[in-house]
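Worksheet: the structure to be examined is printed underneath.
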Amino acid sequence: MVTDFPFLLQSMAWPLALLIAWFLGERLHEIWQVPRVSSYVAVGLLGSLINLPGLTDAVPGLPFLANVALSLVLFELGYRINLRWFRHNPWVMALGLVESALTFAAVYLASGWFDMGTDTRLIFASLSISASPAGIVRVANDLRSAGQVTERVLHLCAINCLVSVLAFNLVVGYWHLSTSGDLVLAAFGSVHVLVTSVAVGALLGVAAPWLLRAQRVQARDVTVVFALAVVLLTTMAYGLKLSPLLAALTFGIVARERRVHLTNAQRGFGTAGDLLTVFLFVYIASLLNWADVGTGMLFGLVLIVVRTATKVGCSVAAARLSGSTERKGLLTGLALTPMSAFAILLLEQSRLYGFEPAAHVLSSMAGMMLVLELFGPVVTQRALLAAHETHVTKE
Amino acid sequence: MPLETFKASDSLTMGVELELQLVNTYDMDLSSSANDLLELLRRKPFPGVVTPEMTQSMIEIATDVQREHGPLLAQLQQIRDTLVHAGDRLNIEIAGGGTHPFQRWFEQRIFSKPRFQQLSGLYGYLAKQFTVFGQHVHIGCASPDEALFLLHSLNRYVPHFIALSASSPFSQGVDTLFDSARLNSVFAFPLSGRAPFTLSWDEFANVYFTKMESTGVVRSMKDFYWDIRPKPEYGTIELRVCDTPLTVERAAGLACYLQALCRHLLERSEPPPEEDDYLVYTYNRFQACRFGLDGMMVNPKTREQISIREDILATLRHLGPHADALNSQAALDEIERTAARDGNHATYLRKQYAESGSVQGVVRASVDALRFGPKA
């Protein structure tokens, strides 16, 4: 009979947590229309709160799996980016870039009110640019929303993530330079990560569609090939110390330009994608250390207000110029609220490559993350509903 | 409420309405973006009329009243360019075609005008299957009796318009084997089909319509989904069997083919229409929907079988002088090329499917055809 009970409990914790998360996600969605991802986050947070064995202990392989899960989302996000749109409507691109820069500046300045080092403030600022692709894409897919708010949120989210990775890695490079004075190490920590990740992603973005055409792969199998390519990309990124997230986003953007069609039946990579999303959100939430939440709450709330204000402000200001309305601009800015997995995994990855302040930054951000992970998707969902871009319009 | 008076208009004037698809640029599915597009279009003068339709993924455009092919085509091209440009600003593609090849009807939202809400309440899933895209051509009539005369005289030519315009071979992701799958959706409506046979407006309005109204089934002409119906408030008859073609050039060609045909019919050199013409009507219509230009139709007067393609080419030979009078030779050339050589747009779309191997590729081809014209 079972002798090692704690071990059994530990090994069962993960699958059980995921199962509970899934059921809770469906149930709460049905009753109160809570976005599913918020429920997943809630389960992860609870697991972390009660210190569920197996969930909070470092389990090897989980960060990798989380990176695969998020990379799939980023690939899909990249695939939805229409570069031609930026040519026809440069205001969308300009909005994304200006808003990213302003968010960076505003968060950097605001964090000056608190007692923190410049390095940490720069990291906060660069991470605050990002919006959560996982939260936004998942909520948009769940609602099957379509329209200007949806399009703009996705495109802005991609720009935000790209600028965020760029800024983040430059800050990491700067840190390496200022702590070690080693230019080579600094360059490795930033330029190499940025350039090589983009190059590898782009290369695969050209190679995969070529392979699909050469082998005359059936339309419904295209998704499988892309999913496997993303797994390959993540593995390569680990091996070469690259950013899997940046590589996956580039992969998606380039693959789309190569005009291979994904079938609409498998948005979000179908069932496999659903499974990985549950895991991703439970995992990310379980990384939060509750002890840090209280101390950083005021700081977190200030950053949220500043971040939201710049995103909404820029979006409203550019709305009419870019062919939309102020109302939709406001909703677009609000829908960009979620911020979670992308920022956390970016930090995790940098820690893996020797960026020491990462752990400290993560704990200082705990309060902000808690709020944005849990309520960000709700804001996105309400914004899309208010924009009447969802599949059921009740009037 | 009795049927409104037929407002006489200039004979042989014409107007074209096109229902167009709004498609996302990402996986080529229909995009519920009509509100956004209309909002943007409202900011500048539009070279025609643009209105919301049944679902958010469709818009309808209409030309002004036109007399000749040249100005009609020019206006349609202007409308197209304006739409395509606005679409580009909003990351929306615009396409012709009678059906979207793979949209799933249950995911389309019904537009929120009260009439449409009421329709979807009444027709249930049919209302959503009604996400099909047609071209309507109005022809002006000098009197209501002229309207009924033209309406019924055109019965034998209806298959021509179905076959020439057919551009909906795919539906729900599969090749339906029909050239116009769209019309199958239209036929599902209870008041679709043909108008009752009468050549007197007085009888139509005061006997037939009054009786129908007293049954409570209809309240206005809008409740009839006939293939050709009179439109008293415009003083026109409206041909409704055409799929929206992939190009505005084809749309203008079809309108002017109808205009020339009506001019021919108004000479009254053909035997007058009669109820028995309709004996073969649904058979002919089926042949046109299913086989397009290769369909076989029965001439209601001679009872002879002839391929629709042959019948169109034979008709075109009679229309030369009318085309000269109406200045629409270029339009009839387009129709002749379609019938004799190029085939309809259903054929074109099937070819695109064979080349690209996916229904998304078909939508891509439709989008490009509207913007740039079909690939050679």
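The values are calculated or read from the model by the stated rules, or taken from the named source; none is laboratory data. Note that this is a predicted model, so its numbers are computed, not measured. Glycine also receives a Cβ, built like all others from the backbone with ideal geometry; neighbour counts cover every protein chain displayed.
Restricting the first member to region B:73-101 and to residues that are within 13 Å of chain A (Cβ to nearest Cβ) and farther than 19 Å from B:C256 by Cα, and the second to residues that are surrounded by 23 or more Cβ atoms within 10 Å (Cβ to Cβ) and hydroxyl-bearing (S, T, Y), the beta-carbon pairs closer than 6 Å and six or more apart or on different chains are B:I92/B:S31; B:I92/B:S33. In summary, helices (runs of 4 or more DSSP H) completely within region B:270-339 and bearing 1 or more residues that are in contact with a Gly (Cβ under 7 Å, 6 or more places away or on another chain) and either of a type in the set (S, T, N, Q) or more than 23 Å from B:A74 (Cα to Cα) (or both) occur at B:281-291, B:308-326.
Summed over region A:134-156, the residues that are more than 12 Å from chain B (Cβ to nearest Cβ) and more than 14 Å from the chain's Cα centre (by Cα) give a count of 1.
Exactly one residue out of B:R350, B:R364 is more than 19 Å from the chain's Cα centre (by Cα), modelled with pLDDT under 95 and part of a helix (DSSP H, G or I): that is B:R364. Taken as a whole, the condition of being at pLDDT 75 or above and among the basic types (K, R) applies to B:R89. Scanning region A:209-234 for residues that are within 11 Å of chain B (Cβ to nearest Cβ), more than 20 Å from A:L74 (Cα to Cα) and of a type in the set (A, V, I, L, M) yields a count of 3. B:K211 meets each of the listed conditions (1) modelled with pLDDT of 95 or more; (2) not in a loop (DSSP other than H, G, I, E, B) apart from (1).
Of all the listed residues (B:L30, B:L20), the sole one being within 26 Å of A:R267 (Cα to Cα), away from chain A (no Cβ under 13 Å) and among the aliphatic types (A, V, I, L, M) is B:L20.
Annotation for region A:271-290: no member residue is within 14 Å of another protein chain (Cβ to nearest Cβ) and in contact (Cβ under 8 Å) with a residue 40 or more places away in the chain. State all residues of region B:237-267 that are over 15 Å from the mean Cα position of the chain (by Cα) and not in a loop (DSSP other than H, G, I, E, B); if no residue qualifies, say none. Hits for region B:237-267 are B:A260, B:L261, B:C262, B:R263, B:H264, B:L265, B:L266.
Scanning region A:182-229 for residues that are free of Cβ contacts under 8 Å to residues at least 24 places away in the same chain and over 28 Å from A:L166 (Cα atoms) returns A:L211, A:A214, A:Q215, A:R216, A:V217, A:Q218, A:D221, A:V224, A:V225. Of the residues screened, B:V50 is not one that is outside any strand (DSSP E or B) and either out of contact with any Ser or Thr (no Cβ under 6 Å at 6 or more places or on another chain) or within 14 Å of chain A (Cβ to nearest Cβ) (or both).
Looking at region B:139-154, can you tell me whether even one residue there is under 15 Å from the mean Cα position of the chain (by Cα) and either at pLDDT below 90 or not in a helix (DSSP H, G or I) (or both)? Within region B:139-154, one or more residues are under 15 Å from the mean Cα position of the chain (by Cα) and either at pLDDT below 90 or not in a helix (DSSP H, G or I) (or both). Filtering region A:337-395 to residues that are at pLDDT below 90, part of a loop (DSSP other than H, G, I, E, B) and either within 17 Å of the chain's Cα centre (by Cα) or within 14 Å of chain B (Cβ to nearest Cβ) (or both) leaves A:S340, A:M365, A:H388, A:E389, A:T390, A:H391, A:V392, A:T393, A:K394, A:E395. Scanning region A:110-150 for residues that are in a helix (DSSP H, G or I) and without any contact (Cβ under 8 Å) to a residue 24 or more places away in the chain yields A:T118, A:R121.
Looking only at region B:319-358, which residues are within 14 Å of chain A (Cβ to nearest Cβ) and farther than 19 Å from B:P245 by Cβ? B:A354, B:E355, B:S356, B:G357, B:S358 - these are the residues of region B:319-358 that are within 14 Å of chain A (Cβ to nearest Cβ) and farther than 19 Å from B:P245 by Cβ.
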